[in-house]
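No lab work stands behind these numbers, since they all come straight from the coordinates. Just so you know, these numbers come straight off a predicted model, no measurement behind them. All Cβ positions, glycine included, derive from the backbone under ideal geometry; neighbour counts span all protein chains shown.
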Amino acid sequence: MYHGSIVALITPFSNNSLDEGALVRLIRFHLDNGSNGIVPVGTTGEAPTLSRREHERVIEIVVHEVGGQIPVIAGCGSYDPAEAVSYTNHAALVGADAALHVMGYYNRPNQEGIFQHFRLLNETTKLPMFVYNIPPRAIIDIQPETMARLAGLKNIVGVKDSTGDLSRPLKEKLLIKGDFCFLTGEDQTAVAYNAQGGQGCISVTANIAPRLCAQLQKACANQEFHWALDIQKKLMPLHQVLFLEPSPAGIKYACSLYGLSEFHCRVPIVELTDSTKRAIRTAMDNIW
């Protein structure tokens with residue numbers, strides 16, 4: 001169920017308020033262009049800057065507009081377990097297919113603390129959950145042995161791996177018994193991660209290039225890695241320039257060039273420099 005190109009959806013704003021019309025356009029854009037799933041209100045969705053009502057409203061709109069056509073994995077993570085439980089319960093109530101949970105930033109728990117956080121979540125919901133392992137943002141790294149323990153919990157179904165360590169899926173597969181979904185969160189390593197046993201990517205670039213990202217993932221699934229590499233070579237300059245400055249400023253600017261949404265991020269993400277804007281425009285021009 002969870003595979004392929006899954007977009008880490010931006011949250012569009014207008015006059016610093018949630019732009020519901022643009023959000024609907026974005027969802028339809030992905031349904032029309034082959035995305036295999038949607039992750040609202042994650043890192044790329046600027047979840048830390050959203051009010052509780054905005055957070056919940058985005059998930060409600062995404063679930064309604066998708067209408068069961070592709071999976072919706074709702075961002076529900078928090079360093080406060082009670083808040084994570086609350087967001088997960090809401091996502092389940094409105095019909096999300098799964099929840100994505102980042103762990104550890106600011107708290108900095110040890111490996112046992114990580115396990116106990118997810119054990120608590122596992123006991124309070126029946127919604128399938130993905131563990132989001134992103135040490136560059138969360139400070140801590142969920143080790144393979146801990147991931148294997150988490151995989152033993154009934155409702156933990158997979159990982160979004162943003163470690164950048166391409167040995168991780170193999171190391172974890174050696175420890176995890178039974179079905180478990182391996183998704184990368186790094187566009188630049190998507191092909192290599194799949195070659196090591198992954199099933200897809202929760203992608204930033206897919207916000208603006210959903211069809212190419214979906215084609216890349218389809219090629220990997222068919223073991224056609226030469227084709228996948230050809231697509232990745234085309235996409236790589238865009239992958240790179242989107243992260244010249246703190247995300248999601250780059251991808252929001254790219255979306256604004258296509259009229260999908262306004263270029264507006266909430267502080268502390270700030271306006272791009274002119275040189276980065278030129279680099280993004282050039283990368284996009286060279287793809288199509």
Open item on the list: Need the C-alpha centroid separation for region 39-107 versus region 1-20, integer Å.
Closed with: 11 Å
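What does the net charge come to around Glu20 if you take all other residues with beta carbon closer than 15 Å to its beta carbon, with K and R at +1 and D and E at -1? Present the calculation step by step, with values, prior to reporting the outcome.
Details: positive: Arg25, Arg28, Arg53, Arg57; negative: Asp19, Glu54, Glu56, Glu60, Glu65, Glu262.
With Lys, Arg at +1 and Asp, Glu at -1, the neighbours total -2.
Tell me the net charge near Glu271. Cut-off is 10 Å between Cβ atoms, Glu271 excluded, with +1 for each Lys or Arg and -1 for each Asp or Glu. Don't skip to the answer; put the middle values down first.
Details: positive: Lys277; negative: Glu245, Asp274.
Net charge around Glu271: -1.
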TODO: Would you mind checking Lys173/Lys218; Lys154/Lys177; Lys173/Lys252 for any pair whose Cα atoms are more than 24 angstrom apart?
DONE: Lys173/Lys252
TODO: Name the most mobile residue of Val66, Val267, Val157, meaning the one with the largest mean-square fluctuation, in a Gaussian network model of the chain with Cα contacts below 10 Å.
DONE: Val267
- [ ] Considering the options Gly77, Asn89, Ala195, tell which one lies farthest towards the positive end of the dipole of region 4-224, charges being +1 on Lys and Arg and -1 on Asp and Glu at the Cβ, about the Cα centre.
- [x] Ala195
Task: For Phe13, residues with placed amide H under 5 Å, excluding near neighbours - done: Asp19, Glu262, His264
Task: Gaussian network model of the chain, Cα within-10 Å springs - most flexible of Ile176, Ile156, Ile251 - done: Ile176
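Under a point-charge model restricted to the Cβ atoms of Lys and Arg (+1) and Asp and Glu (-1), what is the dipole moment magnitude of region 1-132 relative to its Cα centre, in debye to the nearest 20? Walk me through the intermediate numbers first.
Numbers: 8 positive and 13 negative charges, 24 e Å.
In debye, rounded to 20, region 1-132 gives about 120.
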Task: Those aspartates and glutamates that a straight Cα-Cα span of less than 12 Å connects to Lys126, excepting residues fewer than 8 apart in one chain - done: Asp97
TODO: Determine ³J(HN,Hα), in whole Hz, for all residues of region 276-285 in sequence, where each value follows from phi through the Karplus function 6.51 cos²θ - 1.76 cosθ + 1.60 and θ = phi - 60°; x replaces Gly and Pro.
DONE: 5, 4, 5, 5, 5, 4, 5, 5, 5, 4
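For Thr205, what charge total do you get from the other residues with a beta carbon under 14 Å from its beta carbon, if Lys and Arg give +1 and Asp and Glu give -1? It would help to have the intermediate numbers written out before the result.
Numbers: positive: Arg211, Lys233, Lys234, Lys252; negative: Glu186, Asp187.
Here the charged neighbours net out to +2.
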Task: Candidate aspartates and glutamates - alpha carbon under 13 Å from Lys160, same-chain residues fewer than 8 apart omitted - done: Asp141, Glu172, Glu186, Asp187
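Given the DSSP H assignment, sum -39500 (n - 2.57) over each helix run of at least 4 residues in the chain and divide by its residue total; what's the result at 222 nm in deg cm²/dmol, nearest 500?
Values: 12 runs with 134 residues, N = 288.
Theoretical 222 nm ellipticity from helices: -14000 deg cm²/dmol.
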- [ ] Please find the FRET efficiency linking Arg211 to Tyr79, where r is the Cβ-Cβ separation and R0 is fixed at 41 Å, and quote it to the nearest 0.05.
- [x] 0.70
Open item on the list: Could you tell me the calculated FRET efficiency between Asn33 and Met236, based on Cβ-Cβ distance and R0 = 35 angstrom, to the nearest 0.05?
Closed with: 0.95
